[in-house]
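Structure first, commentary second.
The values are calculated or read from the model by the stated rules, or taken from the named source; none is laboratory data. Fair warning: this is a prediction, and the values are worked out from it, not measured in the lab. Cβ coordinates were reconstructed from backbone atoms using ideal geometry, including for glycine residues, and neighbour counts include every protein chain displayed.
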Amino acid sequence: MARIRQNGEGSVYQRASDGRWIGSVTLGWDDGKRVRKTVSAKTAAEVREKLRAVRNKLDSGLPMDDDNITVDQLLDRWFKDVMRHQVASPALSNYETIAKVHLRPTLGKKKVSKLKPSEIDSLLSEKLDSGLSVSTVRRMRSVLAQALTQAQRWEMVGRNAASLSRPPRAPRSEGRSLSPEQVGELVNAMDDDRMAGLFLTMLGTGLRRGEALALQWNDLDLKHAVLTVRKQLRREPGRVDPETGERSGAALVLVDPKTSSSKRSVPLSDWVVDALKTHKARQSAERRTMGAAWKDTGFVFTTTIGTPVDPRNASRAFADLAKDAGLGAWHIHELRHSAASTSLAQGVPVEVVSAFLGHSSIGMTVDTYGHIGDAQVRTAADAMDAALGKAVASGSRSSSSVSRKRSTKTS
């Protein structure tokens, strides 16, 4: 058959034995011998496209054996060369676990260049059928899609098979919001709780747990009723020793928020200011009691010796408080949801609520809290605001002494 040759594309011809189109391009010379790369396809156009991809790789200095790289090899390189420099260790550990448990066993030996969206759809379906949550399966797809995006940047593949797959539909989660009556019961139960200031601040500002625990006194301006979110407190789990399997180096660290929008100024209601003033007096009394044993870290919310509070202990303390108040099982994050729901129910514009929550987009706020807004809920919100102001004011008058009731739970 006649050969077809175009500039920069090498040679293209149709093989007589089976009718397939063959293309080849010179990669260079080795000891005086020509080194060529050969590709094949059903049509001449497909061969030319493959040869252009080879030429692009060659011009970029990438190895020509990328076509044989497996998903396992891609993940190894992605974690080593990219992700460990891009994300914090807890997130990296989560990504590696997702890959190890869910991706590698099924897709690990497959060539990245041959990976098909239908194969990924099939894997996601199997995982859902096995009982995995939608959020976990969506996270699997996200990890693989990010790795394949990097493969595209490295020009290993021309398309992202994971992005072309269909993500499982996530059920809308509206969360729970405390009612005015529940808030009143919760506040009444806080009279003897040394972490009342933390819980009330979160309820009044919508701060995330890590943001509230990262607050230092120089982040607060009680005179002008505003606080500034600059950091978040996070528990770094440390690294796993590959030989022993033991994890070491766990520590509480201050890190930057995930997005620039999370760094923000948040106005404070009068009752939040009162709660923080009461908390400050309580902390001063603890400092005097501890004397030289007190560690002056500058944090607003601390253990009984002045050190930062482990986020897990804060969650446990709130869960215990909710149970003691007769409310059942509640998570500390639901204070944030209650703050957002109350603000929207009171008619605060969604873009304003999005800003004080530190959301990266208004769409996130709408998706999470779009169900708020009818007249009945607005009435409840007004009642909640009034109940909070009254209850906190009452609590401030009755909490002049420092209680030790839950001191061990937050140390």
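None of V101, V137, V82 is more than 25 Å from E236 (Cβ to Cβ) and of a type in the set (V, I, T) except V137. Residue count for segment 264-303 satisfying the condition of being in contact (Cβ under 8 Å) with a residue 60 or more places away in the chain, charged (D, E, K, R) and farther than 20 Å from D191 by Cβ: 1. Filtered by the rule that a residue be closer than 19 Å to V253 by Cβ and among the charged types (D, E, K, R), segment 66-101 gives a lone residue, R84. Within segment 176-192, the presence of a residue that is at pLDDT below 90, under 19 Å from the mean Cα position of the chain (by Cα) and farther than 20 Å from A314 by Cβ is excluded.
Count of segment 151-166 residues, restricted to those that are within 21 Å of L51 (Cα to Cα) and surrounded by fewer than 17 Cβ atoms within 10 Å (Cβ to Cβ), is 5.
Just one of the numbered conditions (1) under 16 Å from the mean Cα position of the chain (by Cα); (2) under 30 Å from A41 (Cα atoms); (3) touching a residue at least 60 places away in the same chain (Cβ under 8 Å) is not true of P90: (2).
Among the residues of segment 26-44, those that are out of contact with any Leu (no Cβ under 8 Å at 6 or more places or on another chain), surrounded by 12 or more Cβ atoms within 10 Å (Cβ to Cβ) and within 19 Å of D59 (Cβ to Cβ) comprise T26, T38. With a requirement of 1 or more residues that are within 30 Å of W29 (Cβ to Cβ) and outside the structural domain of V12 (by TED's automatic domain parsing), the helices (runs of 4 or more DSSP H) lying completely within segment 52-158 that satisfy it span 71-78, 134-153. Kindly indicate whether any position in segment 83-97 is at pLDDT 85 or above, among the charged types (D, E, K, R) and in contact with a strand residue (DSSP E or B) (Cβ under 6 Å, 6 or more places away or on another chain). No: zero hits.
Could you say whether any residue in segment 164-171 is within 19 Å of the chain's Cα centre (by Cα), outside the structural domain of V253 (by TED's automatic domain parsing) and over 30 Å from H337 (Cα atoms)? Scanning segment 164-171, I find no residue that is within 19 Å of the chain's Cα centre (by Cα), outside the structural domain of V253 (by TED's automatic domain parsing) and over 30 Å from H337 (Cα atoms), so the answer is no.
Each row is one residue, and each column tells you yes or no for (1) modelled with pLDDT of 95 or more; (2) assigned to a helix (DSSP H, G or I); (3) acidic (D, E).
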position	(1), (2), (3)
G326	no, no, no
S343	no, yes, no
E351	no, yes, yes
S354	no, yes, no
S360	no, no, no
V366	no, yes, no
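Of all residues in segment 19-38, exactly one satisfies the criterion of being among the aromatic types (F, W, Y) and in contact (Cβ under 8 Å) with a residue 12 or more places away in the chain, namely W21. Just wondering, is there one or more residues in segment 241-254 that are assigned to a loop (DSSP other than H, G, I, E, B), in the same structural domain as V300 (by TED's automatic domain parsing), modelled with pLDDT of 90 or more and of a type outside the set (A, V, I, L, M)? No, because not a single residue in segment 241-254 is assigned to a loop (DSSP other than H, G, I, E, B), in the same structural domain as V300 (by TED's automatic domain parsing), modelled with pLDDT of 90 or more and of a type outside the set (A, V, I, L, M).
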